[in-house]
1. In the stretch A:22-30, is there at least one residue being closer than 24 Å to A:Lys238 by Cβ and touching a Gly at 6+ places or on another chain (Cβ under 7 Å)?
2. Looking at B:Asp335 and the list (1) outside the structural domain of B:Glu64 (by TED's automatic domain parsing); (2) in contact (Cβ under 8 Å) with a residue 40 or more places away in the chain; (3) acidic (Asp, Glu), which single condition is not satisfied?
3. May I ask you to list the residues in the stretch B:505-542 that are in contact with a strand residue (DSSP E or B) (Cβ under 9 Å, 6 or more places away or on another chain) and small (Gly, Ala, Ser)?
4. What is the one condition in (1) more than 14 Å from every other protein chain (Cβ to nearest Cβ); (2) modelled with pLDDT under 95 that A:Thr262 does not satisfy?
5. From A:Gly163, A:Gly168, A:Gly175, grab the single residue that is buried (at least 24 other Cβ atoms within 10 Å of the Cβ), at pLDDT 95 or above and in contact with a Leu (Cβ under 7 Å, 6 or more places away or on another chain).
6. Are there any pairs with C-beta distances below 6 angstrom linking a residue in the stretch B:341-358 that is of a type in the set (D, E, K, R) to a residue that is part of a helix (DSSP H, G or I), with the two at least 6 apart or on different chains, and if so which?
7. Could you check how many residues of the stretch B:416-447 are of a type in the set (D, E, K, R) and free of Cβ contacts under 8 Å to residues at least 60 places away in the same chain?
There are 2 protein chains.
Amino acid sequence: MSLSELKKTHPDHWKKAAAIRILAADAVHAAKSGHQGMPIGMADVATVLFEKHLKFDASAPDWEDRDRFILSAGHGSMLIYALLHLTGYKDMTMEEIKNFRQWGAKTAGHPEYGHAKGIETTTGPLGQGISNAVGFAMAEQALSARFGKKVVDHYTYVIAGDGCLMEGVSHEAIGLAGKQKLGKLIVLWDDNNITIDGTAELSDVTDQPKRFKAAGWSVFEVDGHDPDAIDAAITAAKNTNTPSMIACKTVIAAGVDGVENTSGGHGYNIKDAQLEQMRKFYDWPYPAYEIPKDVADGWRAIGARGASERQEWEARFAGLSENKQGEFKRVFAGDVPNRLSAVIKRLKKKISEEQPKMATRQSSQAALEVINPIMQETIGGSADLTGSNNTLTADLGRFDADNRKGRHVYYGIREHGMAAAMNGMALHGGIRPYGGTFMCFTDYARPSMRLSALMGVPVVYVMTHDSIGLGEDGPTHQPVEHLAISRATPNTNVFRPADTVETAEAWELAVTSKSTPSVMSLTRQGLRTVRTDHKNKNMTAFGAYTLAKEVAKRQVILMATGSEVEIALDAKEALEAEGIGTRVVSMPCWELFEAQDEQYRKSVLPGGSVRVAVEAGARQGWDRWIFGERGRAGRGAFVGMESFGASAPADELYEKFGITSAVVAKTAKDLLK
Amino acid sequence: MSLSELKKTHPDHWKKAAAIRILAADAVHAAKSGHQGMPIGMADVATVLFEKHLKFDASAPDWEDRDRFILSAGHGSMLIYALLHLTGYKDMTMEEIKNFRQWGAKTAGHPEYGHAKGIETTTGPLGQGISNAVGFAMAEQALSARFGKKVVDHYTYVIAGDGCLMEGVSHEAIGLAGKQKLGKLIVLWDDNNITIDGTAELSDVTDQPKRFKAAGWSVFEVDGHDPDAIDAAITAAKNTNTPSMIACKTVIAAGVDGVENTSGGHGYNIKDAQLEQMRKFYDWPYPAYEIPKDVADGWRAIGARGASERQEWEARFAGLSENKQGEFKRVFAGDVPNRLSAVIKRLKKKISEEQPKMATRQSSQAALEVINPIMQETIGGSADLTGSNNTLTADLGRFDADNRKGRHVYYGIREHGMAAAMNGMALHGGIRPYGGTFMCFTDYARPSMRLSALMGVPVVYVMTHDSIGLGEDGPTHQPVEHLAISRATPNTNVFRPADTVETAEAWELAVTSKSTPSVMSLTRQGLRTVRTDHKNKNMTAFGAYTLAKEVAKRQVILMATGSEVEIALDAKEALEAEGIGTRVVSMPCWELFEAQDEQYRKSVLPGGSVRVAVEAGARQGWDRWIFGERGRAGRGAFVGMESFGASAPADELYEKFGITSAVVAKTAKDLLK
């Protein structure tokens, strides 16, 4: 439908959509950066979605059963800011719109989760929103199965652009959604055939409808400027048993002379004269940031449309048993059950007594075996390495279209899609997701892992086979730099536990976290129990602690994590035998250690000793502990990896790469010379 | 075709394929790890490919015009090791097969580039091989256009499994190949419906043939145990104008009782009795590692099949002009032209004289403008940020199906696919690829960037918008931990140049490198020229150097990279004004600085001064320079980022995050107290 026809046939819609278009153009113009092309192009689709379909109540943005709206094409952030403002979200004042992209504003360049209600997830890195949405839709199904359709029964809508669909993660997300038959996931594709570099054909000739069909989706194709067609397609999509993709043919920067339908219309590029022309085209004589009363009222009514539905929902919720209400509230608040601390302590005590030799990936399963039964909100999974990652506990069952009460997801060979889906589940609320792969494949999941940290969602990454200890699979599968990568990332707790006790402690911290993701770095190979004296206190919560005190006068401090702690203990034994007092400090989580006060840190790492750090990974970051906390300058060393690994049995690799107690002891003695 | 039928109808093929199957089973059994299921399942397909189609000469594995064979499903490494051994590659002795997965063997757990001839790329991380292959096929087209079909005219074959096709990067690769109409790329999909966790349907219901067709590929479907059908499909695939996918329906671990057609057949799992039964099934009475003469001879003949074709090629090559021959040899050797040094010096001199203020992404383009005309082997590109990454120089033209002489690739929004394709181009030989995206999207390209480093291929990553200096796009687009990520990765040169002179030097080093990839960390924002005294010497080659000597007696050393060098210079000015002698050290490449001898390092960073490092990124790694090289312990500090960034104009962000010359000067003075 041409825009002039649209104006004639749908005058009320025309005005509502114009409000979005003009707001977007004005804000981008004022900021001298940002993207008006997409909001202008998709204004009709978004207007229909919000006016006719989206279940929400702007006055109650946290309503758990609202439909979720995800702007995957996050660069078009002004679209969502405009929608939130117009529908009356309290957070999104006109002042915020005026401050688009300025310091301290809720209206960041890309939508940032936590800045304002109604922003369900952080988008901008392309492909993330659509992939998060798969997690939202899975969470809805899981919670609906658990708490009943009366209280959980909503759709997840996504607006995605060409960029989202070209990114590889979209393939993983689409495949996962198709397999999982997520009938309440609806993706609106902004099919404008424009990318930053030019027309989409410059780089892509994919037939997107065919591609989605191949993955088990229902596909609809509509004119994205025809409100009735959009409405009908959304209605149809809501009634399928598969996820749906609606290809909305739109014109980028529609109605802006000179840039309409070109890559020039994408980002900040509109001159004053064009803005004026655009205002005329859209019959919008009002100055910037002024919305005429009839349009404002119309949009406010949309924002209030869901109020009665929400009240009905609240009545239904009140009809649940008190227990069920409490549990629902608990899981949405992200609180742990009171029993957690006790079951963890019990496990620790048992382990300290029995002192088994176990790989920490098995320790991780042992911890999950006691956590999962009392935290029904966990949903585990693995990227096709279930048996290796030890993520499947006895009580979980398989999450599938036929069994929404199952709590273990077979994500397939989709590390990135898994991570993005976990972000979505955590953001949805009510679910605490964890998922596993080999630690080396942190690389594949990185973009979503970063977003866990940036958004502050407590996803748990179960990263097993965390060093050359992986053995024969060789350097492609042996992490070297991956601890450094996660540690360099702000707001990420990296746990590298040394035995089952520390692993249980790490899990307790991970599932208790409300705003920080956790990376569990776990071994393939067996480790002996090093925490043989039971302590109720969670020592891992200190980040680092003295595991074995010096016997003779302290001359050496050995610092280690994970599988290298037992190497440090053996080195200590050798050194003490020669009368060299040696302390072993286990450092399962640097981030938590840094958060301790200076006095505690100094008590663990006092000056006046030489220091040797041992970790089967890259040195980067360790100098902070070797030299940075006022040790004897220059009297410290690192024993670890200086290159990629190799393919051979694990024990041999430790020998060949020189990560042994003999090397550690010798290194310490050389420093004392 | 059932295997018993195959045995009857194709007795010679049967024996040849049995040799692969038994070798794979024996080697995995001996190593007690690895994967026999795929080599056994795909032995028929591989035998047909090598016997009937693959253009190669085992006695001349470096023949530039050989067909490339890529085992994307790298866990099935015994398939390629068996093929290389049987066809007579000198490197791949039976001794190596016997040492499968052992220390020092060429037969690593996954195929490692550089271990043995015939291994064209390192695979194992799933999806990489198929994506590298796109680069191989692009390189073939580019070189064919440049040097003529007489000397470059070959196919690229890939064996890929379900894992490769589920990974997101495969989507990017397939889309790029479809758009680029790479008719000489042929993917053989091991359609065995088994993944590690179970049947593929457990996690995926994608209709792969439909999916490939949607991306513009030709698709064939065959019985993977029917040699004639396989042969016919490959023949047909060779005659299309699009890339081809041949779905080969196979049975994993075929013929091994108890594990055939199950996920149990995938990896090491076969007991002695099963091995014995398998031998009977395949009529193979020979002990482990013994190949009967008739079978050995048959395979050797296949390995020698291409000798005459190679000789004909050599004759054709000899018919090229001497210039063309020399250029061909030069680009395949990866040598730079003699003129390179002179054009770089000329650019440096001009810049030092004119002292422009430029963003280093523009500086990068300025360097490329002088490099590209004299190095016709470069192929640039960008993941849909051409104008922002400044990768397109005047003379390149667009690489496309209609213009194979073009040298700039519009990769689309496919950072990962771009990186993988660049690896493929570099591995092919004759091409020196570089490609750009925003530095933050290092995350998306990480798995392939790691493989550049592991394989030692000198790809250049042009990473622009390298800090909060990116401004309004906000934290999703602002790298913080990304310098640390690349620096933590072995064998990676991370260049963060401070101005156009350093950028030109960095480019000279990057395009001269033969075995190390380079990451160029480049600003969005303008920087002033800091190298105002022209030096012919490439100072960036030292990694770090004294940019501005102390005037007063040295008390402070300021270390900085990139956009923060000018901040350090301003701080120095303020400190010197107060009589505090201050040295400014520019550190454009840590890795090269670490490679200098200790004497040089000490001359740049002598003891006895307080040290302040300034970089708009994470601290991780800096402590090495602040404390590690015997500075005054505890008397050093870092000025940089401690969190994610924010959305606002760049200058404001530098103020708000405290990365200013005033903060640096104050930090130094506080340390002197």
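The values are calculated or read from the model by the stated rules, or taken from the named source; none is laboratory data. Computed from a prediction, not measured in an experiment: that's the story for all the values here. Because the Cβ atoms are built from the backbone with ideal geometry, glycine has one as well, and the counts that use them run over all protein chains shown. Protein only, heavy atoms only, side chains kept; ligands, DNA and RNA dropped before computing areas. Shrake-Rupley method; radii C 1.70, N 1.55, O 1.52, S 1.80 Å.
1. To start, the set of residues in the stretch A:22-30 that are closer than 24 Å to A:Lys238 by Cβ comprises none.
Looking through the stretch A:22-30, none of the residues is closer than 24 Å to A:Lys238 by Cβ and touching a Gly at 6+ places or on another chain (Cβ under 7 Å).
2. Unmet for B:Asp335, out of (1) outside the structural domain of B:Glu64 (by TED's automatic domain parsing); (2) in contact (Cβ under 8 Å) with a residue 40 or more places away in the chain; (3) acidic (Asp, Glu): (2).
3. Taking the stretch B:505-542 as the starting set, the residues that turn out to be in contact with a strand residue (DSSP E or B) (Cβ under 9 Å, 6 or more places away or on another chain) are B:505-507, B:509-511, B:513, B:516-531, B:539-540.
Once the filter is applied, which keeps residues that are in contact with a strand residue (DSSP E or B) (Cβ under 9 Å, 6 or more places away or on another chain) and small (Gly, Ala, Ser), the stretch B:505-542 yields B:Ala506, B:Ala510, B:Ser513, B:Ser518, B:Ser521, B:Gly526.
4. (1)
5. Working: A:Gly168 fails: in contact with a Leu (Cβ under 7 Å, 6 or more places away or on another chain); A:Gly175 fails: in contact with a Leu (Cβ under 7 Å, 6 or more places away or on another chain).
The match here is A:Gly163.
6. Final answer for the pair search is B:Lys348/B:Val501; B:Lys348/B:Ala504.
7. 2
For every residue, the table says whether it meets (1) within 23 Å of A:Val494 (Cα to Cα); (2) touching a helix residue (DSSP H, G or I) at 6+ places or on another chain (Cβ under 9 Å); (3) in the same structural domain as A:Thr121 (by TED's automatic domain parsing); (4) at pLDDT 95 or above.
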position	(1), (2), (3), (4)
A:Leu392	yes, yes, no, yes
A:Gly397	no, no, no, yes
A:Lys405	no, yes, no, yes
A:Gly417	yes, yes, no, yes
A:Leu427	yes, yes, no, yes
A:Arg432	yes, yes, no, yes
A:Gly436	yes, yes, no, yes
